[in-house]
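The values are calculated or read from the model by the stated rules, or taken from the named source; none is laboratory data. Keep in mind it's a predicted model, so treat the numbers as computed, not measured. All Cβ positions, glycine included, derive from the backbone under ideal geometry; neighbour counts span all protein chains shown.
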Amino acid sequence: MKLSLAMLLLVLGSCASTRGRLDMDSIGRRDLPEVGDEIVICGQRYSIGAPVVLWTDPDGYDAYQTDFHFGSPPRSVKKPPRVGKLRYTPGRETRSEGVTVLFPAGSNDIDALGEVVDQFVLHYDVAGLSRSCFKVLHDRRGLSVHFMLDIDGTIYQTLDLRDQAWHAAKANPRSIGIEIANMGAWQLSKVAELETWYSRDWKGTRIRIPAWVEESGVRTLGFVGRPARDERIRARIQGEVREQYDFTPEQYDSLVKLTAALCQIFPNLEPTVPRDARGRVRTTVMSDAEWRAYSGILGHLHVSKNKQDPGPAFEWESFLVRVQMRLMSSGT
């Protein structure tokens with residue numbers, strides 16, 4: 001991928017920005033608990049340079065659990081998962097015409113896993129916070145995802161990447177998934193509901209966690225989350241106009257580091273995104289044939305026609321440039 005000088009300057013300028021960091025009146029009280037920077041693949045640890053909390057850590061989120069992480073869900077949840085039921089598939093397999101094992105459960109052969117995994121699917125969680133996301137996925141829906149990315153840039157890994165998370169239907173056997181904390185993209189008739197999660201102060205737009213959220217789970221004490229851009233972003237996704245607030249700079253920073261690391265580790269995972277005939281980032285679902293032939297980074301929208309993730313606010317071009325820059329700096 002060739003990088004234009006203009007694009008490099010744009011990205012370097014955004015990297016230098018301090019927007020979205022802790023407010024000045026919070027810096028003196030900042031208390032960032034110690035976390036590692038390693039993800040786990042086939043039982044091996046790989047440093048990525050971003051804060052990572054593993055499922056084995058005391059305050060981690062464990063998708064291997066077969067009971068409820070936060071306690072029994074409320075009665076309003078009509079069909080909660082059964083206690084003892086898995087929320088993932090051990091190893092990697094397809095079930096279209098019987099069971100085909102792509103990668104055996106418990107194997108530590110990362111080279112063999114690299115022959116299977118070639119897609120990285122980006123989601124927004126519509127839960128606003130990683131803690132809330134795990135509550136919905138694990139305790140209420142019986143689903144899973146490999147990573148969650150909170151508003152302060154903390155990455156939570158819930159499963160070893162050798163195991164198949166349930167996050168993107170047909171893409172599950174060959175993909176890694178991440179849920180990015182964000183309230184998502186809304187139809188224009190409902191977009192006012194976004195404002196329950198955002199407010200404005202003298203610095204601009206900020207995330208305002210609603211009072212009904214009993215515990216945010218955000219690790220950085222005093223953290224004030226701000227979207228990378230002040231205004232809501234409007235664009236067509238799957239042919240329908242939607243609006244969304246951008247992700248935080250901290251989320252972009254951690255996602256760039258994680259993505260570059262995954263592209264280094266998995267040889268068939270390309271630092272690309274699906275594009276249309278004019279070379280623009282695609283905003284519609286791929287056909288089955290296109291999806292089967294594709295290896296790289298993609299949104300849930302590219303996999304399923306009823307999905308919009310990661311939404312119109314996600315800055316694909318600058319994100320990909322930053323991933324490429326990180327790969328080049330590492331000699332990959």
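Numbers below:
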item: Extreme residue, nearest to GLY49 (Cα to Cα), among residues of the range 111-145 that are free of Cβ contacts under 8 Å to residues at least 40 places away in the same chain and not β-branched (Val, Ile, Thr); result: ASP111
item: Some residue of the range 296-315 being in a loop (DSSP other than H, G, I, E, B), of a type in the set (A, V, I, L, M, F, W, C) and modelled with pLDDT of 95 or more; result: yes
item: Residues satisfying the stated conditions in the range 65-96, i.e. of a type in the set (Phe, Trp, Tyr) and touching a Leu at 6+ places or on another chain (Cβ under 7 Å); result: TYR88
item: Condition broken by ARG30, with the remaining ones in (1) at pLDDT 90 or above; (2) closer than 21 Å to ILE151 by Cα; (3) part of a loop (DSSP other than H, G, I, E, B) satisfied; result: (1)
item: The range 41-62, subset of a type in the set (Phe, Trp, Tyr) and assigned to a loop (DSSP other than H, G, I, E, B), residue surrounded by the fewest Cβ atoms within 10 Å (Cβ to Cβ); result: TRP55
item: Members of the range 129-161 that are small (Gly, Ala, Ser) and touching a strand residue (DSSP E or B) at 6+ places or on another chain (Cβ under 8 Å); result: SER130, SER144, GLY153
item: In the range 258-279, the residues that are assigned to a loop (DSSP other than H, G, I, E, B) and hydrophobic (A, V, I, L, M, F, W, C); result: PHE266, LEU269, VAL273, ALA277
item: So ALA261, is it of a type outside the set (D, E, K, R) and over 19 Å from the mean Cα position of the chain (by Cα); result: no
